Ligand code: IMP
Ligand code: MG
């Protein structure tokens with residue numbers, strides 16, 4: 001049997017509205033030229049949407065990406081990360097807004113925030129599109145959360161399962 005297609009958990013309209021709200025929440029906390037750092041690959045769509053919403057509010061971010069891959073083909077985290085931390089913007093003394101698609105166990109966000117602090121980031125804010133609080137194994141929270149969702153594997157809006165479904169404009173739930 002072919003795998004069943006993802007079912008819609010959050011549609012395009014809900015996502016677009018929440019992105020506007022997140023930008024309004026974040027903009028007053030940001031300098032005019034923060035460095036926005038997206039985590040590849042999952043946060044590429046979230047980053048693209050959020051920087052455009054921030055732009056409408058007068059923020060002019062420098063945009064960079066870091067490559068942090070985990071999971072491979074599986075739907076549970078083995079805790080293995082592929083780690084490429086060299087971005088292109090100098091971060092020393094800068095304000096950084098770090099973006100990820102999902103906050104799950106918390107390992108990724110913890111490791112990346114620790115590493116950015118070591119690089120001398122002066123003021124760090126974190127935002128995630130989705131949060132699965134029930135899955136947390138490291139005590140960490142994001143400063144700004146799009147939606148809290150129950151445990152379940154989601155795809156679309158940049159997120160994948162075995163590299164598939166990233167292109168979907170909605171956030172969908174995969175059947176276990
Ligand atoms: P953590 O390190 O366990 O918090 O995992 C965070 C990373 O795992 C995210 O950046 C995602 O790339 C990936 N991830 C966690 N849950 C899901 C999911 O439901 N769908 C797709 N990717 C996920
Ligand atoms: Mg990721």
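The values are calculated or read from the model by the stated rules, or taken from the named source; none is laboratory data. Bear in mind the structure is a predicted one, so any value in this text is a computation, not a measurement. Quick reminder, even Gly has a Cβ in these numbers, built from the backbone with ideal geometry, and neighbours come from all protein chains shown.
Data overview
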quantity	calculated
Tally, over the range 1-10, of residues that are exposed (fewer than 13 other Cβ atoms within 10 Å of the Cβ) and at pLDDT 95 or above	1
The range 145-175, subset touching a residue at least 60 places away in the same chain (Cβ under 8 Å) and more than 11 Å from ligand 1 (Cβ to nearest atom), residue nearest to residue 8 (Cα to Cα)	170
Set 160, 131: member being closer than 24 Å to residue 27 by Cα and out of contact with any helix residue (DSSP H, G or I) (no Cβ under 9 Å at 6 or more places or on another chain)	131
Residue list for the range 26-47, filter: surrounded by 13 or more Cβ atoms within 10 Å (Cβ to Cβ) and assigned to a helix (DSSP H, G or I)	26, 27, 29, 44, 45, 46, 47
Any chance residue 138 is in contact (Cβ under 8 Å) with a residue 12 or more places away in the chain and under 23 Å from residue 48 (Cβ atoms)	no
Qualifying position, being over 23 Å from residue 18 (Cβ atoms), touching a strand residue (DSSP E or B) at 6+ places or on another chain (Cβ under 7 Å), modelled with pLDDT of 85 or more and surrounded by 14 or more Cβ atoms within 10 Å (Cβ to Cβ), among 62, 109	62
Residue that is within 14 Å of ligand 2 (Cβ to nearest atom) and closer than 28 Å to residue 90 by Cα, where the choices are 120, 146, 106	106
Filter result (assigned to a loop (DSSP other than H, G, I, E, B), within 18 Å of residue 22 (Cα to Cα) and in contact with a strand residue (DSSP E or B) (Cβ under 7 Å, 6 or more places away or on another chain)) within the range 120-153	132, 142, 143, 149
Residues of the range 1-20 satisfying the condition of being out of contact with any strand residue (DSSP E or B) (no Cβ under 6 Å at 6 or more places or on another chain) and outside any loop (DSSP other than H, G, I, E, B)	12, 13, 14, 15, 16, 17, 19, 20
Evaluation of residue 79 against (1) closer than 22 Å to residue 164 by Cβ; (2) modelled with pLDDT under 90; (3) within 11 Å of ligand 1 (Cβ to nearest atom) (one fails), failing number	(1)
Hits in the range 154-168 - residues which are touching a strand residue (DSSP E or B) at 6+ places or on another chain (Cβ under 7 Å) and in a loop (DSSP other than H, G, I, E, B)	157, 158, 165, 166, 168
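Listed here are the residues, each with its yes/no results for (1) part of a loop (DSSP other than H, G, I, E, B); (2) modelled with pLDDT of 70 or more.
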residue	(1), (2)
53	no, yes
74	yes, no
87	yes, yes
93	yes, yes
96	no, yes
99	no, yes
